[in-house]
1. Just flag the GluC sites (Glu not before Pro) in the stretch D:42-92 sitting in loop per DSSP whose Cβ has no more than 15 other Cβ atoms within 10 Å.
2. List, in order, the whole-Hz ³J(HN,Hα) value for each residue of the stretch A:544-556 obtained from phi through the Karplus relation with A = 6.51, B = -1.76, C = 1.60 and θ = phi - 60°; use x for Gly and Pro.
3. Bins of 10 Å, beginning at zero and ending with the bin holding the largest distance: percent of Cα pairs per bin for the stretch A:343-486, please.
4. Mean Kyte-Doolittle of at least 0.5 and a Cα length of 20 Å or more along the axis: which whole DSSP H helices of chain A meet both?
5. What list of ³J(HN,Hα) values in whole Hz, one per residue of the stretch A:666-673 in order, does the Karplus curve 6.51 cos²θ - 1.76 cosθ + 1.60 (θ = phi - 60°) give from phi, with Gly and Pro shown as x?
6. Can you tell me the length gained on complete extension of the stretch B:LYS289 to B:VAL342, counting 0.36 nm per residue apart and subtracting the Cα distance?
7. Are there DSSP H segments in chain C that both extend 30 Å or more along their axis (alpha-carbon positions) and score a mean Kyte-Doolittle hydropathy of at least 0.5? List them, or say none.
8. Take every Cα pair under 8 Å in chain A that's 6+ residues apart, average their separations, divide by the length, and report that relative contact order as a whole percent.
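The values are calculated or read from the model by the stated rules, or taken from the named source; none is laboratory data. On a predicted model such as this, the values are computed, not experimentally measured, just so you know. Every residue, glycine among them, receives a Cβ derived from its backbone with ideal geometry; neighbour counts consider all protein chains shown. When the accessible area is computed, the model is the full protein with side chains, heavy atoms only, and any ligands, DNA or RNA have been set aside. Shrake-Rupley method; radii C 1.70, N 1.55, O 1.52, S 1.80 Å.
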Amino acid sequence: MDRRNFFKIVSTASAGVAATSCGKKEALIPLLVPEHQIAPGEEQWHPSVCTECSAGCGVIVRVMEGERIVERNGQKFRERIASIKKIEGNPLDPVSSGALCARGQAAVQSLYNPDRVRGPMHRTGDRGKAAFSSMSWDDGIAAITKAISATDKSKVVFLTTAPAGSRLAGIQRFLQSIGAPAAYTSSLADFSIERQAAQAVFGWTGMPDYHVSQARYVLGVGADFLGGWVSPVYYGGQFGRFRQGRLGIRGKLVQAESRMSLTAASADEWLPVRPGFEPHLLVAVGRLLLEEKLARAAEQLPPGVTESILGADLQQLIRSTGVDPNVLRRVARELGESEAPLVIGGASVIHSNSFQAIVASHYLNIMLGNVGRRGGPQAPHPASDVAAANPNVVEALKAAQVVFLDGENPVYTLPPSSGVAAALASKTIISFGSFIDDSAAYADVILPSHHPLEAEAAVVAMVGGPATSVAVATPFVRPLYDTRPLEQTLGDIARKLNVAFEPVTAKSFVQPLLPNGETWDNVALRGGLWLEGEANAQPLKPVSKNMQWSDPTFSGDALQFPLQFQPYLSVQYHDGRGANLPWMQELPDPASSAMWGLPVEIDPKTATKLNVATGDWVRVESANGKLDAPAYVHPAALPGVVSMAIGEGHTHYGRYASGRGANPISILAPAQETSTGVLAFGATRVRVARLEQRPSELIQFSPQDREQGPWGHR
Amino acid sequence: MATLPAISSDEGIRRDLWRPLAGASSRYLIVLCVLSAVALWGLVAWGYQLYRGIGVAGIRRPVFWGFYLVDFVFWIGISHAGTLISAILRLTDAGWRKPVTRAAEAITVFALMIGGLFPIIHLGRAWLFFWLFPYPNSRLLWPNVRSPLMWDVTAISTYLTGSTIYLFLPLIPDVAQLAKRATGWRRRMYRMLSLGWTGSDREWNALESAMKLMAGIILAVAVSVHTVVAWDFSMAVAPMWHSSIFGPYFVVGAIFSGIAALLIVMALIRKTMHLEEYLTPHHFNNLAKLLLLMSLLWLYFTVAENLTAWYGNEPKEMNVFGARIRGNFGPYFWVMVLCNFVVPFVLLGIRKLRNILTATIASITVLIGMWLERFLIVVPTLSYGRLAATWGRYTPTWVEISITVATFASMGVLYLVFAKLFPIIAIWEFETQSEHED
Amino acid sequence: MYLNGEFRFGDARERVLRALQELRERGFAARDVDVFSNEPLEIPRDVLERRSHMSFAAVTGAVLFCVLIIGFVSFTQYSYPLITGGMPLFSFWATGVVFYEITMLGAILTTFCWFLKEAGLLRRGRPPAPDVEPGMICIRVRCRIEQSVAAQKSLEAAGATNIQSSGDAR
Amino acid sequence: MSNSEHRWGMAIDLDRCTGCQACVTACHAENNLPLSDPESAAKGRAVHWIRVDRYYEGEFPNIRVKHVPVLCQQCDEAPCEPVCPVYATYHNEEGLNVQVYNRCVGTRYCGNNCPYSVRFFNWFDPVWPSPLELQHNPDVSIRMGGVMEKCTFCIQRIKRSKDDAAAESRPLKDGDVKPACVQSCPAEAMVFGDLNDPGSKVSQLAESGRATRLLEELGTKPKVFYLQKAT
């Protein structure tokens, strides 16, 4: 199958291309599929890269004949075009291994979304009202040029979702050439705490990689790596092999999380740790490992760290986590005794002390002697670093005069309490996005760039270290609408500004990475460049010398707001981007089975106290706002912890997402993770009250969540 | 036996029984118009469903069958009023049956016509219903006779044919007599329907033989029809459906609801056509006792069905059982028990309370109860399937409700028209009877 | 030719029976005598024998239909063999109900047809029938001219009124 | 029971499955499943040929989650088949439970008689706001309103693989055919193949000690094998 697909890819490109598999070097890059080459019923597969999240999965795209109606001079014509049918993982790509998550596969629905922006537009109504009328590209570029030249360049803020790769490099180069600060990201899914913790402990740039498949015992803490964290495709593959991929060896996964995430659900054991007490749990495990002499590489720990771990009050640590002490002791012993133990620390929900948790997890791995080894954390490739994280983005946005939006949606992803939406009202805003989303509704000008499936790109995968994966896409279908590649638009702007700017293309991005004997054409044909990395190449010696942990802080008075609120990244919507895809809307939520709207997850005890049943509407209120949503009484929710997936509650985002559901970010306090300044989106306290009305039904695909009905002999 | 009208001269009987055929009172017309309007509304609803798609009904996965199948079973059940009752009575030679039989047989035919429509109404592509009939076609494919739905098709076709003939045969002498008196189009119609009946003894003999035979055959068919309807459900491997009790259970239920329908129709005829002397308390008393008997039988079957499920405590069955007894279907279940057992038992079981009015009231509750019974058989099993993740609730829409209500109205319309065209009591049978009992 | 005699009032039935007996004694065949009435008359077998083969016909029809449906079903199932649910292509379990119903249909239809045949309904060229009023019984005798006197006498003896002849004088 | 060359089957490793639902979307993309909307979804009319059933077991904190991907089990003795009066669903030579859309009149009896509830009905003609229909897979027909539909084991992919193999004049190899769900699964929890071939991966997994079948007690003989979690 893998080979078959590969041959498909190759044969696809064979319009005048010599078969590279025969070793001939002179190959053309796969060009646009001309319409006359599309035969009915014939399929072609083209390599591309998924940009639905920043993991960087290489994909292959099935192209077949399609037909669309175009209107010219008031008359309708049928036009045969090459259309995209399906997206699958590129079997050659080590990140996707030929598989792809639900959201990645649904990307085709964003390409063919009926609500895509079809050409450049300018605002005609009030900001935020999404009233636009079309304009020409020239006018649009002129308007931008004017806006930029009139401002202090340091007040130009460029927000982008672009993952590490050619697009981001191009943006950064553009910003540099006009003298603006580097690009920012406002997504909640940039995992900057994880990056910063890796930097702090190991001196690594980028996201550490965990070779789950080679571990035998995994303790996951706070990282929903099979769900919304980093790359469910990559880690899903790892997990499959971890569990059943080795003869006679079955890995055991213990997951400590404050929510029953997909990872916790797949784990052999779930340790329901109280929100924000992940560092305590990790330190407790460390202490137990050291005490029981199971820390096989204890000597590699910096003395300060060892001291502080041994100085901790174990009883109190364990008590604070809320986990059964016996269970925790057993888990620590099992972890320490395992042949290939691994601790994965992450922050699927960011608390005020999440950084400490991840740092602690790294120390645990050091103590277990697995860093850089098979089955341990691996150093990432430096090229996989991404745009600046969001700690500074709020300040930057407030100070900005001109704001560029490239797929980012700060009005949605940053809480209103941060004042961003209000601040945006007085800026010049230019959107390069394909949709009029919450933020684009504020834009003055929308200059839509090509959809990623229509554009070229080179993306460095976030995972896979120490190997490096660069997935490459070259365009193969004609753009559907009057859009332009972002590089071209930036180039046009630069030219108008009389600034020297050399756009970054996929080719120019990949070229310097090419090893000897490899050509760009080969890379383009296969859809990626995959470089073997050397394990153990990085120094084991930690950069940091000490470790702290502190109790989490929550915003809001504990008496008034007795419950803890944790929004989380879901498999279907990620940071909210997936909400305009009907396939994602109708994908049953893994926890609640909800479709077309997400519920608030409430534990059964709290629900009983509040007299709330599944389907009842509740008002979730924090000191900073309130939202109304249906409730789902989650049998596995921690008592007193209210969770809600991020994704719904867009004011504008096409017909499938606009006005549907509630945005959990909207009630967050502007709390920060103490060490990094990142928005601590799990650090808000709320109260919940039952509402009398049910404005709409909670739609569930499977309302029944127990295998047995409530009835037996009685 | 107090079955005899006080006046028993042939002319008198004739006058009494033919009176309703002549003219039409304004009340008759108003009722007819109202019922027709409701029936038409049902047609509109059906048209809307055909135009928009079956989705305008409330059925859904996993409750693929809803009101329509409930109505189907209900009306097929009602159809047992007639034929079965009149055949049983005819075969057992119960003399008091005579004023009752035609009213009952007419119910059968009309209820069958209505009930037989529902399998078509509920089809996703109703316009292709003829694919269920065996005819040489370009698909080179014949229907799958292994399907219980094909059993239905044959059973209902046979039953409809049989009961129409069974209604028609004793109508011939009456129609022949009417043909002599009527004028205009009525005369032509009666003429045609009388098939040239002259009243010769050969004809009478043939009629008698045919009726005796038909009574036997129709009895066998009637039992099989409702058994087959039951088997639609019990052939499925669904919890609480896959049960061997369903055949007899449905037959008993059918007779039960059939008698109730007959009682109601008789009470209405008696009142509106002033046939108090023909349909006497004696008839009602007999039928009421029969109803009471069926109520007890029904209870027996219901207990048998549910007790086995409860005692077995098989989880998948208990889901349906629990939903039905205690869950969201609980209220319907207990109303059903009230309607089907408590009310008839009290009203008809206590001799002092038993009269025409209470028999009618009990019959009405039995009809409600039996409709609910069918609902409780069809829907909970589908709602609570074997895999809990597939459970789902069903709520009917206005379309289903309209069509359901309209079928009751159509029954009324058909009956009103029939009663206007044909004597609702077999005159010749009545005359024979009066003669013999003199 | 046909001879019609009417009987009215009270003991019409008894008189009709007497007339019939008389006629049979005078050698009139049962098939030549018809009794018309508005309601069924019970005439003892020895007086006027009407043999009925209806039950036999019904059984025959049933058997015929049964054979036909079995043949038809097996033909249809084998003509385009499709496996469903692991069931055999043709089995009496899966098709028994259909066989039963169609068998019954056969019985019903033959009964009806046989009724039409035995009653003589729908038959063309039927001799004119007397118009029977309620309560009246009428005897029609088919006879040759030379027998007509005897017939008339029988009728009169039994108290028939309004004796008329009709039809061709043969 | 059939003596044809292939007998397609699937094994789903519940120890690998993470419940991520990639298979669900893959199926939508491959098979042109009708789009739901909030109204139809609220009525329980959303269509997922493959779904991931999730059950909670136990009470907090000792609570576990069970994910079971359920698709048409392609039963050898399928209860849905004999009840169709018009042969819209029947068993083909390769053991697939085939639904012939054009033949279906919509009695929905098959849906009632499917213990796995994997049959879906088209309550209306499907609608895709333009240009979403450009995504449609031309290998799979669009179902009209009023007919049943269900998982086909991606029969179109089986056919394509056979054609490809024929074009290269080689026999079909184990792993050549992958339905969309199997192809998409990141954890490789699903394996598809020929149960007639004792050497195929799916045959071996079906023989393994962990293999069970859903509602096996009904005797429907499904061709989807669930490999239970090892503990």
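1. D:GLU59
2. After applying 6.51 cos²θ - 1.76 cosθ + 1.60, I find 7, 10, 9, 8, 10, 8, 9, 5, x, 10, 10, 8, x Hz.
3. With a bin width of 10 Å, the distribution comes to 10, 25, 28, 25, 11, 1.
4. Membrane-span-like by this rule: A:354-368.
5. These are the phi-based 3J(HN,Hα) values: 5, 10, 6, 7, x, 6, 10, 5 Hz.
6. Full extension of this stretch gives 17.6 nm more.
7. The answer, listed by residue number, is C:54-79, C:92-119.
8. 18
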